[in-house]
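The next block holds one structure in the form of structure tokens; read it before the comments.
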Amino acid sequence: MKILMPKVSVILISYNHEKFIREAIESVLNQTFTDFELIIWDDASSDDSWAIINSYNDSRIKAFLNDETRRGIYGINKAISEVASGEYLAIHHSDDVWASEKLQKQVGFLDANPIYGAVFTKVLAIGEDGLKYKDNNNYYANIFEQPNRTRHEWLNYFFYHGNALCHPSVLIRKQCFTDCGQYRYGMAQVGDFDMWIRICLKHEIYVLQEKLVYFPINKYSQ
């Protein structure tokens, strides 16, 4: 009997976000696109995150707990290499929220445009109250407002300006990790940036011009 694999594997990295993780999980479970598995990898949280994760009874959820804190990239790489079975992979964080149509629009794009390795979205920066962040001078309020570029133009932009793509907005072909390798350890906060560079060395990327991720400014120092 043929085993049906999900179209998308969502990898949600969790660490000490008991205040936010329920909303993050439910923003995945409430997607209009439903052919996915949700892999939640908790990095030995010391708060109630693991209890909240285990309160869900949904066959699409596969939950894993590190025996000690190993940082998020460890869980992402383990999920990619040992668990994820989808054609496309999405990365999610336990303090971010997705719009309900995010996966549907991104899957539709990659299905229709095979030359692209990954598709991102624009981002709505929010404050602790969950509302649109009002200080437009904050670095993270506008950094993800990017036009589309060729992969060579993106590489040029990365060299002169740095990262401008939102990690929890990405949907990426699993094949890209075969072509480009997994996330590298020891990169601190720039592991995703290093990945975008390596992807653009071989694949085109695209940014949907819609704000389909809600990104809390308070997650970084202001």
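Residues of segment 52-98 being outside any loop (DSSP other than H, G, I, E, B), open to solvent by less than 20 Å² (accessible area, probe 1.4 Å) and not polar (S, T, N, Q), which ones?
Ile53, Gly75, Ile76, Ala79, Ile80, Tyr88, Leu89, Ala90, Ile91, His92, Trp98
Consider Ala44 carefully, then state whether it is among the aliphatic types (A, V, I, L, M), surrounded by fewer than 20 Cβ atoms within 10 Å (Cβ to Cβ) and part of a helix (DSSP H, G or I).
No.
Would you mind finding the one in Leu155, Leu165 that is farther than 20 Å from Pro114 by Cα, at pLDDT 95 or above, in a loop (DSSP other than H, G, I, E, B) and not charged (D, E, K, R)?
None of the others qualify; the one that does is Leu165.
Identify all residues within segment 152-196 that are among the basic types (Lys, Arg) and crowded, with 17+ Cβ neighbours inside 10 Å; write none if there are none. Lay out the reasoning, then the answer.
First, pick out the residues of segment 152-196 that are among the basic types (Lys, Arg): 173-174, 184.
Residue satisfying the conditions is Arg173 alone.
For segment 116-151, name all the residues that are modelled with pLDDT under 95, among the β-branched types (Val, Ile, Thr) and either open to solvent by 40 Å² or more (accessible area, probe 1.4 Å) or in contact with a strand residue (DSSP E or B) (Cβ under 7 Å, 6 or more places away or on another chain) (or both).
Val123, Ile126
The values are calculated or read from the model by the stated rules, or taken from the named source; none is laboratory data. Remember, it's a predicted structure, so these values are computed and weren't measured experimentally. Note that we place each Cβ from the backbone using ideal geometry, even for glycine, and neighbour counts take in every protein chain shown. With ligands, DNA and RNA removed, areas are computed over all heavy atoms of the protein, side chains included. Shrake-Rupley method; radii C 1.70, N 1.55, O 1.52, S 1.80 Å.
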